[in-house]
Amino acid sequence: MSRNRSLILVGVVASSLALASCAGAEPGSAPSSGESSCESTGPAPLGNEAVSIEHALGTTEVPADISRVASVGWGNQDVALALGVAPVGSDDQTWSMTGDDDLGLYDWSLDAYDELCAPEPAVFDTTDGVDFEAVAATAPDVILAGYSGLTEDEYATLSEIAPTVAYPDIPWYTPWRDAIRIDAEALGMADAGEQLVDDLDQRIAEATEPITSFEGKTAAFFYVNPTDLSTISIYATGDSRTAFLGDLGFDFPQLALETSEGGGFYADIAAENADQLADVDVFVMYGDDSLVTAMQEHPLWGTLDAVKNGAVVVAGSGDAFSGSLTPTALSIPWMIDDYVTLLDDAAQKAE
């Protein structure tokens, strides 16, 4: 499954190992996009010890004293950035349903580069898969791919460029906590990675603590083509977007659970089978309010209580917020308050 198919269908932690630091920056402070007075510097050795990491595609030996880090896949650059390490290259993280967006990173990643006073990375085009030449041009010492869809051939080719650490189990199915852990281990920062997971869990707990509307409600993430409502797709509970709704306190509808149990990433539901989604209390999907209106006016989707009541969160299409809902080490703190507010509004409509 390609990254685009998977993504469309499917606080920086203080560290003495940071590649660069901003003058006057508070340790552990959140990244900011304001003007910085600090001077940008290049990568410096991390001082890491050599590590051996097992993953789904083999065992990778990462040497000591690496300095140049590249990332492919989704969100792996954010793990490094959150640990104070600025990758020299990253896969394109932006996407557009029209396919006409420029290559780039989202706000939270760019803010972290600013905070670290590091130059922005080379961005690899993912249109035709892994851009091996662009990756090689960054001369990395290690390649992070803890959340990715690398094939065995792609992994083998990348490994000729630099030690490459792939996903722990299933392509495009790495939970955000596991992505942090395996990428942090590749950087020789396993303990800092565990602390980052704990910090993010605490941030989620703080954001959801005052919310009562999620309790006993089901929610799932959907892909809906606004030009063709004959079929919509529900993401399985193993997909990080639906899984994150569970992190926030929602239960999962039966079809999302069954799809994961069957090893699927998503399931297509024809409009004539709309009743299969009758147990969904809150819909989350890419798009805007016009899509909600279209579904409400549809003779079949409009019969669902969640749709009738407007218990729907629309996440945009290709902007930063829509991208942030595939959670990463940096997108979670960036979006959590706004996302919880939108979900709370939708969940109250389901009561």
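The values are calculated or read from the model by the stated rules, or taken from the named source; none is laboratory data. Bear in mind the structure is a predicted one, so any value in this text is a computation, not a measurement. All Cβ positions, glycine included, derive from the backbone under ideal geometry; neighbour counts span all protein chains shown. Remember, those area values only see protein heavy atoms, side chains included, never the ligands or the DNA or RNA. Shrake-Rupley method; radii C 1.70, N 1.55, O 1.52, S 1.80 Å.
Counting only protein heavy atoms, what percent of the accessible surface of the chain is carbon or sulfur at a 1.4 Å probe?
45
Can you tell me how region 162-245 classifies by the Cα gyration tensor, rounded, prolate or oblate, using a/c under 1.5 as the rounded cut?
oblate
Using a ≥ b ≥ c from the Cα gyration tensor of the chain (square roots of the eigenvalues), is it rounded, prolate or oblate, where a/c under 1.5 gives rounded and otherwise the larger of a/b and b/c decides, a/b for prolate?
Numbers: a/c = 1.99, a/b = 1.65, b/c = 1.21.
It is prolate, given that a/c is not under 1.5 and a/b is the larger ratio.
Would you tally the net charge around A145, using a Cβ to Cβ cut-off of less than 10 Å, leaving A145 out, and scoring K and R as +1, D and E as -1?
-3
In the chain, with Lys and Arg counted as +1 and Asp and Glu as -1 at Cβ, which of these residues, A270, V165, F244, has the Cα nearest the positive end of the dipole, that is, farthest along it?
A270
Using the Cα gyration tensor of region 202-321, with a ≥ b ≥ c the square roots of its eigenvalues, what is the shape: rounded (a/c below 1.5), prolate (a/b larger than b/c) or oblate (neither)?
Prolate.
What whole-number value in Å² describes the accessible area per residue of region 184-323 for a 1.4 Å probe?
So region 184-323 comes to 40 Å² accessible per residue, rounded to a whole number.
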